[in-house]
1. What aspartates and glutamates could a cross-link reach from LYS100, if we take a straight Cα to Cα line under 19 Å and drop same-chain neighbours fewer than 8 places away?
2. Using the Cα centre of the stretch 1-52 as the reference point, and only Cβ charges (+1 on K/R, -1 on D/E), how large is the resulting charge dipole? Debye, rounded to the nearest 20.
3. Report ³J(HN,Hα) in whole Hz for each residue of the stretch 23-35, in order, from the Karplus equation J = 6.51 cos²θ - 1.76 cosθ + 1.60 where θ = phi - 60°; Gly and Pro get x.
4. Can you give the Kirkwood hydrodynamic radius for the stretch 1-75, in Å, rounded to one decimal and based on Cα pairs?
5. Peptides 32-43, 56-67: what's the order by average Cβ count within 10 Å, highest mean first?
6. How much length would be gained if the chain were fully extended between SER21 and PHE127, taking 0.36 nm per residue of separation minus their Cα-Cα distance, in nm to one decimal?
7. What lysines sit close enough to LYS39 to cross-link, taking a C-alpha to C-alpha distance under 20 Å and skipping anything fewer than 8 places away on the same chain?
8. Using a cut-off of 21 Å between alpha-carbon atoms, which lysines can reach LYS136, once sequence neighbours fewer than 8 places away in the same chain are excluded?
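The values are calculated or read from the model by the stated rules, or taken from the named source; none is laboratory data. Keep in mind it's a predicted model, so treat the numbers as computed, not measured. Glycine gets a Cβ as well: all are built from the backbone with ideal geometry, and neighbour counts include every protein chain shown. Calculation scope for accessible area: heavy atoms of the full protein, side chains included, ligands and nucleic acids excluded. Shrake-Rupley method; radii C 1.70, N 1.55, O 1.52, S 1.80 Å.
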Amino acid sequence: MEETIKERLTAYLRYKGINKSEFGRIIGVSNAYISSIRKSIQPDKAEKIASSFPDLNIAWLMTGEGDMIKGAITQNANGDNNTQIAGNGNLINNAATLDKAIDEISAMRKLLETAIQNNKEQADKFFSIIERITTK
């Protein structure tokens, strides 16, 4: 069974040892915010979550793809790409990890494009309603 955004967010909070009330306070939403999540998170909330919890892989949260915790890509003095795996301090030379990061960025871009399209559609509907109201 595929996990929902709500289930993934709850798993992350368990991992971090943060309760739902504290999470809500940090991102500026009500205690019931997580319970109210249905299919997605609004882009402004996703942005606030990403900025408040920089270790959380937002692509994983939104899609379930990839790892829950981000790896930090670094470059050593030789110019080799390395990946710092969160929490253990080991460096791994791995082009596949860089490819994975690029894929996650691509997934985030698609999510943002979808959100922008949805916002445009909502705006069009709104303007259509306004036009109908003002022509009566």
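1. Partners within reach: ASP55, GLU65, ASP67, ASP80.
2. On the way: 10 positive and 6 negative charges, 23 e Å.
In debye, rounded to 20, the stretch 1-52 gives about 120.
3. 4, x, 4, 5, 9, x, 10, 6, 4, 8, 4, 4, 5
4. Final number for the Kirkwood radius of the stretch 1-75 is 12.7 Å.
5. 56-67, 32-43
6. That pair, SER21 and PHE127, stretches by 34.5 nm at full extension.
7. Output for LYS39: LYS6, LYS20, LYS48, LYS110, LYS120.
8. Filter leaves LYS125.
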